[in-house]
1. Which count do you get for residues in region 213-245 that are part of a helix (DSSP H, G or I) and of a type in the set (Val, Ile, Thr)?
2. Under 8 Å by Cβ, and 6 or more places apart or on different chains, what pairs join a residue from region 44-63 that is closer than 25 Å to ASN228 by Cα and among the hydroxyl-bearing types (Ser, Thr, Tyr) with one that is modelled with pLDDT of 95 or more and open to solvent by less than 30 Å² (accessible area, probe 1.4 Å)?
3. Name, by its number, the condition in (1) assigned to a strand (DSSP E or B); (2) open to solvent by 20 Å² or more (accessible area, probe 1.4 Å) that does not hold for SER284.
4. In the list ASP211, ASP248, which residue meets the criterion of being on the phi < 0 side of the Ramachandran plot and without any contact (Cβ under 8 Å) to a residue 24 or more places away in the chain?
5. Please verify whether region 348-361 includes one or more residues that are in contact (Cβ under 8 Å) with a residue 60 or more places away in the chain and out of contact with any strand residue (DSSP E or B) (no Cβ under 6 Å at 6 or more places or on another chain).
6. Please state which one of ALA298, ALA304 is among the aliphatic types (A, V, I, L, M), open to solvent by less than 20 Å² (accessible area, probe 1.4 Å), touching a residue at least 60 places away in the same chain (Cβ under 8 Å) and within 29 Å of LEU438 (Cα to Cα).
7. Kindly provide the set of residues from region 308-328 that are surrounded by fewer than 17 Cβ atoms within 10 Å (Cβ to Cβ) and in contact with a Phe, Trp or Tyr (Cβ under 9 Å, 6 or more places away or on another chain), ordered by number.
8. Output the residues belonging to region 1-54 that are charged (D, E, K, R) and over 16 Å from GLN146 (Cα atoms).
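The values are calculated or read from the model by the stated rules, or taken from the named source; none is laboratory data. Everything quoted here is computed from the prediction, not taken from an experiment. Neighbour counts run over all protein chains shown; Cβ positions are idealised from the backbone, glycine included. Just the protein is used for accessible areas: all its heavy atoms, side chains included, with ligands, DNA and RNA removed. Shrake-Rupley method; radii C 1.70, N 1.55, O 1.52, S 1.80 Å.
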Amino acid sequence: MTIVQAFDHTCDIYPEKEAVVEGQHRLTFSQLREKTKQAASAFALSGIGKGDCVLLQVPNYIEAVYIYLGLQRVGAVPVMCLPRHGQRELEQFCELTQAKAWIGATSFGKTDYMPMVKAIMGKFPSLKHAIVVKSEAPSGTVSFSQLLEDIQKAGNSNRIKYTTPTDPNEVMHLGPTGGTTGLPKLVPKTHNNHLSKSTYFARTLELGPRDVNLTFSPLNHDAIHLLNFSLMAIMGQRMVMCPSTRMDDILENMAREKVTYSFFVPALLTDFLHMSDLDKYDLSSLKTINVGGAHCPAELAKLALSKLKGIKCRFHNCYGMTEGAGTATRPDDSEEVVTWTVGKAICPYDEYIAVDEVGAEVPPGQEGELAAKGPCIVSGYFKSEEENRKVFTPNGFFRTGDLVKFDKYGNMIITGRKKDIINRGGEKVSAYEVEEMLHSHPGVLRAAVIGMPDTRLGERICAYVQPKDNKALNT
């Protein structure tokens, strides 16, 4: 099924159930479906249709939900731009996709998007539309609210006709990623591989339609789209949207909306666990938290297990990437497994191996580069033939760039990343290992290790450390 087919099926089952909440804005599934149809008509009226790429940069506003589904209804391909993406990234995406429109806010946080969007429109003739949400449209742009008003006034009899794609093997959206080189690239996600991964993640974490999920990381991030947006659309979860990443705002949403599940990146999980007044929030509804998006230090996982046990909330250590690979610890895994590993593949039909430099599988327990293939794994980067030749082994496994080893039970242990190996005077040092040691220091809140140029050694090890409570550290 495509995401629209799955969403319509969900709407048929739960028409009066709340689907999405953002502050005071609330939509049931039937109301949300009507909004998506109005959005689709507005896009069709603007000349946006099947196969057209659209730079989608809407923050965590409720409009982001029905804009995305509206684009899906007309067969357009959203390019999932993050709020932090600036002119360099947007230009690269526009050049790759020949995007027909940009949709976003005039500003968000400290970023004013209008100067860069207008500059890109002047540079790329294909970018014909700039559609803004939540504000009046500046000169040269169009208000999304006004587009919807025009459609509503026209009524059903004059609604623009469009054809919604039904092939689940077509591209659902293009997801940005640094890939194996760190340069911005786009990953074509089909409905099948994206929704397959979403479904198996839900099964692994034992999530269902009664769960209420909270998203505060960007909605266009692959993990959030998989574990929040898609679970609302295909399973009927209520999705609570928080545009802010301030911990007070996150916790207020958790308590008010009786959230049962949330995804954290390690940085925000650190903030959450170190909140001095955490007890003032009623988090009794919270049943499941998982961490991903970056390496979770063992000490942070231990702290999460310890603190969350008090409110009977499960903690899952996860691994994933936009290219499709995904693992997670299970509800009945031991503390040791959750602390030191990222569990097993969430999809039973995906294969994961560790390979050496030439792509040959290494023995169990030995470190190698993670390679994966299966229904959740994409077939390559968008318009990047040279990169695709490098990242696939001769037998079709995608090389992730992450260094791993597997324990005797098949759980995956992240040991580093190929590009994060520091060559200090000929000695190879893993930045991950040094970070783990620093995180074990009782006075360290956060630590990051990188290689710095050195005329004698080639590279030297540089550690950035944030102490707890801003106290000086003693070695």
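1. So the answer is 2.
2. TYR61/GLU22; TYR61/ALA105; TYR61/VAL133; TYR61/MET241
3. For SER284, the failing item is (1).
4. Numbers: ASP211 fails: without any contact (Cβ under 8 Å) to a residue 24 or more places away in the chain.
Being on the phi < 0 side of the Ramachandran plot and without any contact (Cβ under 8 Å) to a residue 24 or more places away in the chain holds for just one of ASP211, ASP248, which is ASP248.
5. yes
6. One residue alone meets the criteria, ALA298.
7. Listed by number, the list holds a single entry, LYS309.
8. Matches in region 1-54: ASP8, ASP12, GLU16, LYS17, GLU18, GLU22, ARG26, ARG33, GLU34, LYS50, ASP52.
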